[in-house]
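Structure, as structure tokens:
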Amino acid sequence: MLLFAMGFLLVILQPSMGQFPRVCANTQSLLSKECCPPWDGDGSPCGELSSRGSCQNILLSQAPLGPQFPFSGVDDREDWPSVFYNRTCRCEGNFMGFNCGECKFGFSGINCMERQLRTRRNIFELTTSEKNKFLAYLNLAKNIPSQDYVIATGTYTQMNNGSNPMFRDINVYDLFVWMHYYASRDTLLGGSSVWRDIDFAHEAPGFLPWHRAFLLMWERQIQKITGDENFTIPYWDWRDAEDCGVCTDEYMGGRHPTNPNLLSLASIFSSWQVICTRSEEYNSQQALCNATSEGPIRRNPGNNDKSRTPRLPSSADVEFCLSLTQYESGSMDKMANYSFRNTLEGFADPQTAISNPSQSGLHNALHIYMNGSMSQVQGSANDPIFVIHHAFVDSIFERWLRRHRPMLEVYPAANAPIGHNRENYMVPFIPLYRNGEFFKSSRELGYDYEYLQEPALQSFQDFLTPYLQQARQIWAWLVGAAVIGGILTAVLTGLIKACRKKKGGTSSEIQPLLIESEDYNNITYQSNF
């Protein structure tokens with residue numbers, strides 16, 4: 001009770017982050033298309049009087065999209081968030097938030113100038129007290145209403161273009177479940193028609209940055225409702241696991257003794273109700289998930305379709321995936337070959353990197369293996385295993401970033417599926433974040449993984465790997481340059497000797513090599529790669 005009361009007080013006093021800010025979920029904001037709430041510190045919109053930010057027009061990417069979504073103007077998520085708002089807070093420096101009232105990830109302090117680096121740890125290495133605290137925090141989030149955010153229960157058209165707002169309250173945990181649903185839901189085309197080949201958080205380049213941002217927001221929300229500023233999400237290292245080691249009452253809930261599809265009554269998660277799991281029902285009604293309870297969490301780990309997912313991922317699968325040098329390739333969707341993203345997401349074979357959507361590897365394998373709420377994309381975040389699973393997926397993404405050290409330009413700027421270009425804003429987050437903002441080391445975002453810390457680089461080989469790979473890619477050019485350089489050196493040496501012989505006949509003094517300006521300009525002394 002004390003923890004609940006403390007969390008409730010904190011969530012009232014502090015802003016959060018997520019979907020539609022409550023202060024902007026009204027007719028005036030929707031009709032004006034402006035969401036620039038005042039910062040409590042000075043009462044001005046976006047904290048402008050304190051130089052924290054200002055209300056600005058949103059800047060949408062004009063880069064072309066891929067061919068996967070052949071429509072325009074039919075989905076509220078297109079050019080997010082312009083259907084709802086075209087003016088939001090643009091924060092300065094290290095400030096962040098829908099009203100610029102927070103610090104960017106990795107910063108803290110009154111003026112957001114203090115750097116912070118927190119460590120995410122293996123869930124099996126937590127002490128009993130730390131583990132129990134994590135479980136209590138999850139349950140707290142499930143039972144505390146979000147004070148700053150609401151969810152949309154209708155499309156913008158169903159809201160009569162903003163004149164009839166359709167929003168409702170939601171608890172903190174389910175807010176994130178709903179956001180995951182909203183990003184991955186089908187497009188409602190009217191009548192009974194839908195378009196299924198659309199997803200703003202999966203099956204494309206934004207998969208890893210989107211979930212990285214999602215976990216950071218979730219982590220910060222837990223820090224706020226509990227007052228525990230040092231809280232970090234633990235991860236479940238599932239490499240080479242023979243079964244679901246976290247599926248016990250001590251951790252994320254064991255199996256029900258008489259119904260293998262449900263959780264043990266001894267687990268706090270057995271009383272949880274899921275939301276947003278009935279996609280076909282929403283589609284037939286041309287409606288959005290309204291966060292109505294839809295029954296208990298379902299999970300039956302290991303009793304999945306073995307022809308699709310015969311086993312849990314191995315260490316070898318992960319290492320092969322990490323060896324892939326291309327972040328994205330080809331069509332940049334689930335058919336991409338030799339793509340690190342597509343292989344880690346699980347649509348490409350973890351031993352060949354060739355696309356095979358009929359099989360589920362790495363990330364996808366865990367979802368299918370759980371054989372329940374986790375196995376349906378839109379509602380998968382209902383199962384709390386989702387959080388610790390994605391924390392480990394994010395750590396693999398982090399290992400790839402450290403090993404290959406890609407420039408931001410490696411992330412596709414154009415022609416990715418809708419919502420996944422580098423400068424696209426992530427759906428459905430407000431405040432706004434672009435995909436490219438999370439395509440960088442976790443240390444820059446204020447967190448690290450315990451198993452990646454000592455040493456900072458796994459080995460001297462990890463240090464050399466990116467340079468060796470670059471050299472391997474340009475070795476032919478290097479050899480060619482060396483050959484050309486050798487030829488030029490020989491030619492120049494011959495010219496010098498010839499000049500010296502010519503000058504030597506007129507004077508016993510050795511003359512310096514003089515080259516007329518027009519001759520100098522004709523000598524090429526460097527090769528172009």
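The values are calculated or read from the model by the stated rules, or taken from the named source; none is laboratory data. No experiment lies behind these values; they were computed from the predicted model shown. No Cβ is skipped: glycine too gets one built from the backbone with ideal geometry, and neighbour counts run over all protein chains shown. What goes into the accessible areas is simple: the full protein's heavy atoms, side chains included, and nothing from ligands, DNA or RNA. Shrake-Rupley method; radii C 1.70, N 1.55, O 1.52, S 1.80 Å.
Before moving on, here are some points about what is shown:
- Arg168 accessible area, assembled protein chains, probe 1.4 Å, Å²: 100 Å²
- Extension gain for Thr119 to Asn132 (0.36 nm times residue separation, less C-alpha to C-alpha distance): 2.9 nm.
- Compared with the alpha-carbon gap, the fully stretched path from Ile268 to Leu59 is longer by 70.8 nm at 0.36 nm per residue.
- Nonlocal amide H pairs with Arg120, under 5 Å, H built at 1.01 Å: Asp448, Tyr449, Glu450
- 25 Å Cα-Cα threshold exceeded, pairs from Lys33/Lys142; Lys306/Lys334; Lys104/Lys440; Lys133/Lys224; Lys104/Lys224; Lys33/Lys334: Lys33/Lys142; Lys33/Lys334
- All other residues whose Cβ lies under 14 angstrom from that of Asp240 are scored, Lys and Arg at +1 and Asp and Glu at -1, for a net of -3.
- Ordering of 25-38, 112-125, 95-108 by burial proxy (mean other Cβ atoms within 10 Å per residue, highest first): 95-108, 25-38, 112-125
- Summing charges over neighbours of Gly436, with a neighbour being any other residue whose Cβ is under 13 Å away from its Cβ, gives -1 when K and R count +1 and D and E count -1.
- Per-selection Rg to Rh, segment 114-219 - Cα, Kirkwood hydrodynamic radius: 1.06
- Calculated on the alpha-carbon coordinates, the convex hull of segment 22-452 measures out at 136 cubic angstrom per residue.
- Relative contact order for segment 107-192, counting Cα pairs under 8 Å that sit 6 or more residues apart, in percent: 23 percent
- Relative compactness, segment 309-372, computed as alpha-carbon Rg over 2.2 N^0.38 Å: 1.00
- Ile110/Ser284 FRET efficiency (R0 41 Å; Cβ-Cβ; nearest 0.05): 0.20
- Magnitude of the charge dipole for segment 22-452, about its Cα centre and with charges confined to Cβ atoms of Lys, Arg (+1) and Asp, Glu (-1), is about 140 debye.
- Distance in nm between pseudo-label sites at Asp249 and Val74 (7 Å out along the Cβ direction from Cα): 5.1 nm
- Charge sum, other residues only, whose C-beta stays under 12 Å from Asp42's C-beta, Lys/Arg counted +1 and Asp/Glu -1: -1
- Relative contact order computed over segment 22-452 (Cα-Cα under 8 Å; 6+ residues apart), in percent: 20 percent
- Normalised by residue number, the volume inside the convex hull of the Cα atoms of segment 338-420 is 118 Å³ per residue.
- Distance between segment 388-405 and segment 227-296 - C-alpha centres, whole angstrom: 23 Å
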